[in-house]
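One structure is given here, and the rest of the page talks about it.
The values are calculated or read from the model by the stated rules, or taken from the named source; none is laboratory data. Keep in mind that what you see is a predicted model, and the values were worked out from it rather than measured. In this analysis, Cβ positions are derived from the backbone assuming ideal geometry, glycine residues included, and neighbour counts consider all displayed protein chains. To get the accessible areas, we keep the full protein, side chains included, count just its heavy atoms, and leave off ligands, DNA and RNA. Shrake-Rupley method; radii C 1.70, N 1.55, O 1.52, S 1.80 Å.
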Amino acid sequence: MWKLVNGKLIQITDDSRVKFRTNISKSILDQLSALAEENDTHVNYLIENGLQTVLAQGVITFNKETRPKDRVQYKTTYDKDLLNSLKEFAKKHHLFINDVIEYSVKFINVEEVKNSSYKHRIERLNT
């Protein structure tokens, strides 16, 4: 992210994002990669959109018996507040975070997802 300070652009790290590693179904990641490419976005932005919908609904219907067997490690960044809400939601529903992430993919609305240039946005500071 860039900040415009006194007429100068300064590149800074977005403090609202944190690194997170989990295991997610390889087939789901492949589907998300294709969807991200089609819609000029990133996989983590798609995941965040689906998670926001699931968390807003406050309910989840998940069958632990249908967990995917093709999980691979996935590392990315997430919005810090969203990740904290996800952790609380998963704990409350006695699920793993990756279960909720995989479930949330069904609720992605590509019309509302940030585009790939979002991380290069310019924010203005009034100083």
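Restricting attention to segment 1-26 and to residues that are of a type outside the set (Val, Ile, Thr) and loosely packed, with under 12 Cβ neighbours inside 10 Å, the residue that is modelled with the highest pLDDT turns out to be ARG21.
Starting from residues that are over 17 Å from ASP30 (Cβ atoms) and not in a loop (DSSP other than H, G, I, E, B), keep the ones in segment 53-72 and report whichever is least open to solvent (accessible area, probe 1.4 Å). If we take residues in segment 53-72 being over 17 Å from ASP30 (Cβ atoms) and not in a loop (DSSP other than H, G, I, E, B), then VAL54 is least open to solvent (accessible area, probe 1.4 Å).
Listed residues THR77, THR41; which is modelled with pLDDT under 95, part of a strand (DSSP E or B) and surrounded by 13 or more Cβ atoms within 10 Å (Cβ to Cβ)? After applying the criteria, what remains is THR77.
Residue count for segment 86-111, restricted to those that are closer than 21 Å to ASP70 by Cα and loosely packed, with under 13 Cβ neighbours inside 10 Å: 1. Candidates VAL59, VAL54: the one that is at pLDDT 85 or above and more than 19 Å from GLU111 (Cα to Cα) is VAL59.
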